[in-house]
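In what follows, a single structure is set out as structure tokens and then discussed.
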Amino acid sequence: MTREEYVILHQKYLDGTCTPQEKKLLEEYQDQFELLDLPWDSETMGPQEPTKAAIFNRLQEAVGLQETEKRRNYPFLRMAAAIALLLVSVGVYYLFRTQPAGQMAEVKNAPVPATAEVQPGRNKAYLTLADGTVIDLEATANGDLSQHSGFKIIKLDGQLSYLGQEPTAGQAQFNTLSTPHGGQYQITLADGTKVWLNAASSLRFPAAFAGKERMVELTGEAYFEVAKNKAMPFKVKSRGMEVEVLGTHFNLMAYEDETQLRTTLLEGAVKVSNSAGAVTIEPNQEAVLHTSSGSLKVNPVDAQESIAWKNGQFLFHDEDLRSVMRKIARWYDVEVVYEGELGHKSFTGTVSRFEDITDVLNMLELTETVHFKQKGRRLTVMP
């Protein structure tokens, strides 16, 4: 039985419409969270009935928003009413905080206590020019940063823009935009392509494009809205993989500490290739490169989930605990260590990336499958 089938059956049981056979099947079923007969811990989870009502209301609001905003069509929200009741029985707490459809990832620095040692990420990056000059963008005022022959660089509220497309004489001048842990940034390249860079990432690009193709290099994660130019294809190189497009919207996740590279398409078409072969993907598909084998595989996905980070959210959908913690470590700039036997645990839910880290950890702890101990910037994960 899949988890979705379990949710439906559980709802029928609560409604009193289960057949004897279905009730027997429900009683026999257990999954990795030990869903049945989990006690309610009022001290950590709050009063049962008010908490249940609050979760149910949040999920209903999310479903209502989904019906009118097709761009945020998360499939697992379709059964929110049943899930809301299931949440109470398993102690899993989902925080749904949606934003209006079409709102792009302007990273807004959220207010945090001045004494807080661990803070959410913010607009923070470094720009390295072709001559080796490094500019701390967080410490630099808005306005013109640098001007060279044929182009200039403008900073404005967490965004960079390269203006002017005339190629410089001689060798191309490559710049690099890098975000540390706890930072992200947006840049508009000289051809009009827009790039949102996630935490702990870097983008190497020419200040002005010339020749037969537009080539950039990425480490980490970025979302691209590529300006159309059929005469000059846009290519992204990352960890032995190449993504080629003419004009499209896609997300590329290629962190060094991940065993899979994921290219997720929202609009247009892209070709993903490596030394072993090539695949072409369509919207709501992802190309997954397994680094251990070098194999490429195409999977159907809800592409909006891949850019939740760009819209200021953590979105976990049956996501492995260690994958969840890697995302938290990059965004909050903390060191994560593990203690004890954790086994395989996965989580589903949505929470703002601008919440205090303790709020995010408390959400995960409500599953009663994992606990955390925080000391400064060191975070210990325990069963």
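Remarks
- Complete set of residues in region 222-242 that are touching a residue at least 40 places away in the same chain (Cβ under 8 Å), closer than 28 Å to MET325 by Cβ and open to solvent by less than 20 Å² (accessible area, probe 1.4 Å): TYR223, MET241
- Residue check for ASN362: open to solvent by 10 Å² or more (accessible area, probe 1.4 Å) and more than 16 Å from the chain's Cα centre (by Cα): yes
- Residue list for region 323-341, filter: over 24 Å from SER202 (Cβ atoms) and either of a type in the set (Gly, Ala, Ser) or buried (at least 19 other Cβ atoms within 10 Å of the Cβ) (or both): GLY340
- Condition met for ALA254 (closer than 22 Å to TRP331 by Cα, in contact with a Ser or Thr (Cβ under 6 Å, 6 or more places away or on another chain), among the hydrophobic types (A, V, I, L, M, F, W, C) and open to solvent by less than 40 Å² (accessible area, probe 1.4 Å)): yes
- Complete set of residues in region 324-359 that are modelled with pLDDT of 90 or more and hydrophobic (A, V, I, L, M, F, W, C): VAL324, MET325, ILE328, ALA329, TRP331, VAL334, VAL336, VAL337, PHE354, ILE357
The values are calculated or read from the model by the stated rules, or taken from the named source; none is laboratory data. The model shown is predicted, which means the values in this text are computed figures rather than measured ones. FYI the Cβ positions are ideal-geometry reconstructions off the backbone, even for glycines, and counts take in every protein chain you see. In case anyone asks, the SASA skips ligands and DNA or RNA and just uses the protein heavy atoms, side chains included. Shrake-Rupley method; radii C 1.70, N 1.55, O 1.52, S 1.80 Å.
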